[in-house]
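J.: Before we start, here is the structure in question, set down as structure tokens.
Since every read-out is calculated from the coordinates, none of them should be taken as a lab result. Just so it is clear, the model here is predicted, and its values are computed rather than measured. Because the Cβ atoms are built from the backbone with ideal geometry, glycine has one as well, and the counts that use them run over all protein chains shown.
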Amino acid sequence: MWTRVPRVKFSNGFDIPLIGLGTYLTRGEEGVKSIKQAIDIGYRHIDTAYRYGNECEVGQAVNEKIREGFVAREDLFITTKLWNSFHAPQHVAEAFKRSMEKLNLDYVDLYLMHMPMGLGFRGFQEQDLIAYDSSGKVICSDVDFCDTWKAMEELVHSGKVRSIGVSNFNSEQLQRLLSSASIKPATNQVECNPGFTQKRLIQFCRHLGITVTAFSPMGRVDRCDSSSRVTADVLLHPNVTAIGAKYGKTTAQIVLRYLIEIGTIPIPKPSNRAETLQNIDIFDFRLTPDEVALMDQFDDGKRAVPLKYYSHHRDYPFGREEI
């Protein structure tokens, strides 16, 4: 089975596949195998990050499929991210260079600022990415994310990055960034699932011509956030099961279709081949307005990924209600 995925345009004219492959915790040879398998199935949008520690695996899988002649580089959309401890402008180019070396690509399609919160810099190795003080609190930096963004704009001018964007930004932070930016963010990658739809933020971004990419579309239990939850209540709900039965789809497929209907680009992380196949098989039906309204009712305003270990940072983005 091979699925052709629709694409949507960024404000800069480049386009992005409407669903992507999340790769958080995808590591080792099994990770390479799963990414290659996803490309075989039809995934062309692959999301990784410096912090995930798997850019080498993503690059290996992508380059092997290109060498096989199965896919061309220009058919693929590769996203990676600038980690929080590299926000100082003098570190941005080096962090990007290291990502490129791991990916072994000539360019990336999208480079995101992973969070608005800068952290203390200790080095570029995995053990250096988060520094803690004597009380166990994450050490923050006072780098202005607007200065970080200017350094990211230089990467676009270099030709090594086609589009740049942000992740985990609230609407006030987006407004502030836009007040000094020369290049508009192409997307804002944020948590979005039926339990936390972020509809006001989606509407705000749409008004600005910024797409919204939805991470954790099913919710998740995050290894760093003990308070996280999953949307089992949605996946097992009889009303969602009934919608799935109507279209011959799983409840997870109904969730992903719902997220597309409300204006996001979901990037689910499948746990096996069956889920990889199912997650992309959502473009042969649409939900009715009544079905979308039913799914809306699951929104209880609770995040699955609250990032509480950064809550003392001045730029912590989740301490306010969205407009």
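J.: Using mean Cβ contacts within 10 Å as the protection proxy, how do 280-286, 24-30 order, highest first?
T.: Highest-to-lowest ranking by the protection proxy: 280-286, 24-30.
J.: Given a cut-off of under 8 Å on Cα pairs at least six residues apart, what relative contact order in percent is computed for the chain?
T.: In percent, rounded to a whole number, it is 18.
J.: Write down the Kirkwood hydrodynamic radius of the chain, to one decimal in angstroms, obtained as one divided by the mean of 1/r over all alpha carbon pairs.
T.: 20.0
J.: Below 12 angstrom from the Cβ of Arg44, what's the summed charge of the other residues (Lys, Arg +1; Asp, Glu -1)?
T.: Once positives and negatives cancel, what remains is -2.
J.: Hey, another quick one. For segment 57-172, what does the equivalent ellipsoid look like in terms of its semi-axes, each the square root of 5 times an eigenvalue of the Cα gyration tensor, given largest first in whole Å?
T.: 28, 17, 12
J.: Viscosity 1.306 mPa s, temperature 10 °C: what is the translational diffusion coefficient of segment 1-131 from Stokes-Einstein with a Kirkwood Rh over Cα pairs, rounded to a whole number of µm²/s?
T.: It comes out at roughly 103 µm²/s.
J.: Can you give the calculated 222 nm mean residue ellipticity of the chain, where each DSSP H run of n ≥ 4 adds -39,500 (n - 2.57) and the sum is split over every residue, rounded to the nearest 500 deg cm²/dmol?
T.: -11000 deg cm²/dmol
J.: Between segment 37-57 and segment 136-188, what is the C-alpha centre distance in whole Å?
T.: 22
J.: How large is Rg/Rh for segment 15-78, to two decimals, with Cα atoms and a Kirkwood Rh?
T.: Result for segment 15-78 is an Rg/Rh of 0.92.
J.: Further, regarding this structure: For the peptides 261-269, 294-302, 194-202, 97-105, what is the packing order when you average, over each peptide's residues, the other Cβ atoms within 10 Å and list the highest mean first?
T.: Top to bottom by mean Cβ count within 10 Å: 261-269, 194-202, 97-105, 294-302.
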